[in-house]
Each structure stands twice: as structure tokens, then as C-alpha cells.
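*Asks:* For reference, the structure I am asking about is given below.
The values are calculated or read from the model by the stated rules, or taken from the named source; none is laboratory data. All figures in this text were calculated on a predicted structure; none of them were measured in a lab. Ligands, DNA and RNA are excluded from the accessible area calculation, which covers all protein heavy atoms including side chains. Shrake-Rupley method; radii C 1.70, N 1.55, O 1.52, S 1.80 Å.
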Amino acid sequence: EAVEGEKAALVLQAEASAEGQVATLHETIASETAKRKATEEREQALQRQMQELQQEMEAKQQEMDSMQSALSAAEAARNAAHIQAETLTAENEALKQQPNDAKQSDSDVIKGPSGHAD
């Protein structure tokens, strides 16, 4: 009977030990599952953040492209205005010369071959 009691005590002790190990494994699994889930949530948050940053970068690039186009248009307008100013200056100079040329040609026309007015 003492041997039977000892066997029963050992069986109970083994069962308790096994139950403790099972409980520890359940806790470890639950802890690791929670860690994995938290990691996945962080990864998803980072992924969303990266997508937002990518969209922001694309918007900034479009803004820069638009500004570059506006700058190019402004430079073209400035160049056109500069050319127009040069053209107007040249025309103005030509107009200033024209009355003198007209007076010169008028005096040539008025004078005859003898140098006297006809």
C-alpha cells in the first residue's frame, strides 16, 4: 500500500508538473501571438505612413513641375518682352532717322542738276 501511495503521489506530481508546463506553454504562445500581432500592426501603420509620404512626395513633385512650367513661361515672356523692346528701340531709331532722310531726299528732289531749286 505504501508503494501504491507513493506511485499515486508521483503520478499526481507528474500531472501537476505537466499541467504547469502546459500552462507555461499557453502563456508563451499567447505572449508571442500578442507580440506578433503588435508587430503586424506596427508594420501596417508604417506601410500606411510610407504610402502617405509617397503621395506627399508625388504632390510636391507635381507642384515643382508646375512651378518649373510657370518659371519657363515667365522666362519666355521676359525674353519676348526684351525682343519687343529691342525691336521698338530699333523702330524708334529708324523713325528718328526718317525725318532727316526725308529732308535730305526732299532737298535733293528740290534741287536740280545745277544745284539750284527747280
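*Asks:* Given (1) at pLDDT below 95; (2) open to solvent by 100 Å² or more (accessible area, probe 1.4 Å), identify the lone condition not met by Ala94.
*Replies:* All conditions pass for Ala94, except number (2).
*Asks:* Regarding Lys7, is this residue open to solvent by 100 Å² or more (accessible area, probe 1.4 Å) and modelled with pLDDT of 90 or more?
*Replies:* Values: open to solvent by 100 Å² or more (accessible area, probe 1.4 Å): yes; modelled with pLDDT of 90 or more: no.
So Lys7 does not fit the description; no.
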